[in-house]
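Peer 1: Let me begin by handing over the structure; questions about it come next.
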């Protein structure tokens with residue numbers, strides 16, 4: 001196991017065949033090939049709370065980073081999903097894995113994805129060359145914008161060794177508003193109204209099976225109380241919105257991680273769509289899906305289906321349909337095929353950064 005960036009570069013340079021790069025091995029991203037773990041390349045390189053800047057090595061556990069930030073009242077604003085309960089994996093999620101898969105949770109609908117907080121990266125390309133791109137301030141980007149390109153590339157262009165991130169303060173308070181009994185169409189309309197309001201909604205999700213729609217506001221105590229009350233008025237056409245301000249409530253971790261689906265059999269699909277099309281997607285899956293949930297105001301659809309059912313064949317997805325969890329014998333491709341233009345661009349980038357084709361064979365995932 002490489003212990004530093006130099007070891008990592010040597011390992012890649014001397015590789016004679018495909019490498020299966022992994023960190024905590026919790027997200028099901030590792031492809032075929034010789035295992036190459038970056039878990040030993042860990043630790044906080046720089047943390048400047050006043051500048052809202054954090055630099056960590058790729059193998060650093062997410063839990064360690066969150067603990068370090070919490071001591072200064074700060075956090076990872078993009079709320080990365082923990083896949084372990086859903087996928088039945090063990091180990092510790094790492095920051096390299098978060099960035100490689102662009103893992104973003106419910107707050108993405110308000111503040112952006114993981115890539116939007118990425119200031120700079122260091123990585124080893126397929127030739128074993130160490131490349132640095134970006135910096136420790138958002139404006140410092142030159143040449144290729146590899147800083148953002150690496151977020152979601154799933155290791156197909158290089159093996160991350162270090163990431164620099166912008167972090168944000170933890171808000172004083174939060175409130176969750178809940179509407180009960182809405183059908184998907186009405187739920188998406190209610191979420192759109194909430195997200196379009198001036199009340200800074202940071203979460204908008206709907207449980208199709210339980211018919212529960214949830215909206216979140218965060219900020220200063222007085223502001224949250226005011227905005228939650230006003231948002232309830234906005235939502236009045238869809239029913240009475242209950243308001244929960246219990247800081248111990250773990251509702252949004254449930255929305256983010258889908259832990260209750262971990263024990264439910266079947267394939268898990270993740271569909272990135274236009275929010276306005278989400279009700280139609282849910283309707284097309286009716287009778288086949290064992291469970292379905294919406295996040296990002298309807299822009300993200302989670303679906304649990306019987307093994308082997310191809311969502312892409314059931315519905316015309318104007319977006320991306322990714323098979324997140326499936327049995328080992330499932331022949332369906334995990335990633336959606338690229339459009340011709342995207343495929344050509346991807347091939348050109350692979351030829352530049354991984355000419356030997358030894359890194360992840362998976363196409364880039366803009367998730």
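The values are calculated or read from the model by the stated rules, or taken from the named source; none is laboratory data. This is a predicted model, so every value here is computed, not measured. Please note: Cβ atoms are built from the backbone with ideal geometry, for glycine as well, and neighbour counts cover all protein chains shown.
Peer 1: Do we find a residue being in a helix (DSSP H, G or I) and in contact with a helix residue (DSSP H, G or I) (Cβ under 8 Å, 6 or more places away or on another chain) anywhere in the stretch 299-321?
Peer 2: Quick first cut of the stretch 299-321, residues in a helix (DSSP H, G or I) only: 311-314.
This time we only want the ones that are in contact with a helix residue (DSSP H, G or I) (Cβ under 8 Å, 6 or more places away or on another chain), so: 311, 314.
Checked against the condition, which is being in a helix (DSSP H, G or I) and in contact with a helix residue (DSSP H, G or I) (Cβ under 8 Å, 6 or more places away or on another chain), the stretch 299-321 yields at least one hit.
Peer 1: Step by step: first the residues of the stretch 265-288, then only those that are in contact with a strand residue (DSSP E or B) (Cβ under 7 Å, 6 or more places away or on another chain) and either touching a residue at least 60 places away in the same chain (Cβ under 8 Å) or assigned to a helix (DSSP H, G or I) (or both), then the one that is surrounded by the fewest Cβ atoms within 10 Å (Cβ to Cβ). Which residue is that?
Peer 2: The initial filter retains those residues of the stretch 265-288 that are in contact with a strand residue (DSSP E or B) (Cβ under 7 Å, 6 or more places away or on another chain), namely 266-273, 278, 281-282, 285, 288.
Applying the additional criterion that residues be either touching a residue at least 60 places away in the same chain (Cβ under 8 Å) or assigned to a helix (DSSP H, G or I) (or both) yields 267-268, 270, 272, 278, 281-282, 285.
Numbers: 267: 21, 268: 22, 270: 20, 272: 18, 278: 28, 281: 26, 282: 25, 285: 22.
Among residues in the stretch 265-288 that are in contact with a strand residue (DSSP E or B) (Cβ under 7 Å, 6 or more places away or on another chain) and either touching a residue at least 60 places away in the same chain (Cβ under 8 Å) or assigned to a helix (DSSP H, G or I) (or both), the one surrounded by the fewest Cβ atoms within 10 Å (Cβ to Cβ) is 272.
Peer 1: Pick from the stretch 40-59 the residues that are closer than 19 Å to residue 25 by Cα and touching a strand residue (DSSP E or B) at 6+ places or on another chain (Cβ under 6 Å): which of them is surrounded by the fewest Cβ atoms within 10 Å (Cβ to Cβ)?
Peer 2: Taking the stretch 40-59 as the starting set, the residues that turn out to be closer than 19 Å to residue 25 by Cα are 40-43, 56-59.
Now drop any that are not touching a strand residue (DSSP E or B) at 6+ places or on another chain (Cβ under 6 Å), which leaves 41-43, 56-59.
On the way: 41: 24, 42: 19, 43: 11, 56: 24, 57: 22, 58: 27, 59: 27.
Across the stretch 40-59, the extreme among qualifying residues is 43.
Residue-wise test of (1) closer than 30 Å to residue 84 by Cα; (2) at pLDDT 95 or above; (3) not assigned by TED's automatic domain parsing to the domain that holds residue 182.
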| position | (1), (2), (3) |
| --- | --- |
| 207 | yes, yes, no |
| 213 | yes, yes, no |
| 219 | yes, yes, no |
| 226 | no, yes, no |
| 230 | no, yes, no |
| 234 | no, yes, no |
| 238 | no, yes, no |
| 278 | yes, yes, yes |
| 286 | yes, no, yes |
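Peer 1: Next question. What number of residues within the stretch 61-78 satisfy the criterion of being more than 17 Å from the chain's Cα centre (by Cα) and not in a helix (DSSP H, G or I)?
Peer 2: Residues that pass the stated criteria total 4.
Peer 1: In the list 94, 71, which residue meets the criterion of being modelled with pLDDT of 95 or more and crowded, with 23+ Cβ neighbours inside 10 Å?
Peer 2: Unique residue meeting the criteria: 94.
Peer 1: Quick check on the stretch 91-106. Is at least one of its residues over 14 Å from the mean Cα position of the chain (by Cα) and either without any contact (Cβ under 8 Å) to a residue 60 or more places away in the chain or assigned to a strand (DSSP E or B) (or both)?
Peer 2: No: zero hits.
Peer 1: Quick check, is residue 291 buried (at least 20 other Cβ atoms within 10 Å of the Cβ), in contact with a helix residue (DSSP H, G or I) (Cβ under 8 Å, 6 or more places away or on another chain) and either without any contact (Cβ under 8 Å) to a residue 40 or more places away in the chain or not assigned by TED's automatic domain parsing to the domain that holds residue 125 (or both)?
Peer 2: No: the conditions fail for residue 291.
Peer 1: Also: Tell me whether the stretch 347-366 contains one or more residues that are over 30 Å from residue 128 (Cα atoms) and not assigned by TED's automatic domain parsing to the domain that holds residue 147.
Peer 2: No.
Peer 1: While we're here: With 242, 203, 210, 262 as the choices, which residue is on the phi < 0 side of the Ramachandran plot, in contact (Cβ under 8 Å) with a residue 60 or more places away in the chain and loosely packed, with under 14 Cβ neighbours inside 10 Å?
Peer 2: On inspection, the qualifying residue turns out to be 242.
Peer 1: Now a separate question. Residue 165: touching a helix residue (DSSP H, G or I) at 6+ places or on another chain (Cβ under 9 Å) and modelled with pLDDT of 90 or more, yes or no?
Peer 2: Against the criterion (touching a helix residue (DSSP H, G or I) at 6+ places or on another chain (Cβ under 9 Å) and modelled with pLDDT of 90 or more), residue 165 qualifies.
Peer 1: Go through the stretch 181-197 and give me each residue that's more than 10 Å from residue 238 (Cβ to Cβ) and either touching a residue at least 12 places away in the same chain (Cβ under 8 Å) or surrounded by 18 or more Cβ atoms within 10 Å (Cβ to Cβ) (or both).
Peer 2: 183, 184, 185, 188, 192, 195, 197
Peer 1: Out of the residues in the stretch 162-178 that are assigned to a strand (DSSP E or B) and under 19 Å from the mean Cα position of the chain (by Cα), state the one that is farthest from residue 44 (Cα to Cα).
Peer 2: 168
Peer 1: Something else about it: Go over the candidates 115, 122 one by one and state the one that is assigned to a helix (DSSP H, G or I), touching a helix residue (DSSP H, G or I) at 6+ places or on another chain (Cβ under 9 Å) and at negative phi.
Peer 2: Numbers: 122 fails: assigned to a helix (DSSP H, G or I).
From the options 115, 122, the qualifying one is 115.
Peer 1: Quick one: count up the residues across the stretch 294-325 that are farther than 18 Å from residue 101 by Cα, more than 15 Å from the chain's Cα centre (by Cα) and either exposed (fewer than 13 other Cβ atoms within 10 Å of the Cβ) or in contact (Cβ under 8 Å) with a residue 40 or more places away in the chain (or both).
Peer 2: 12
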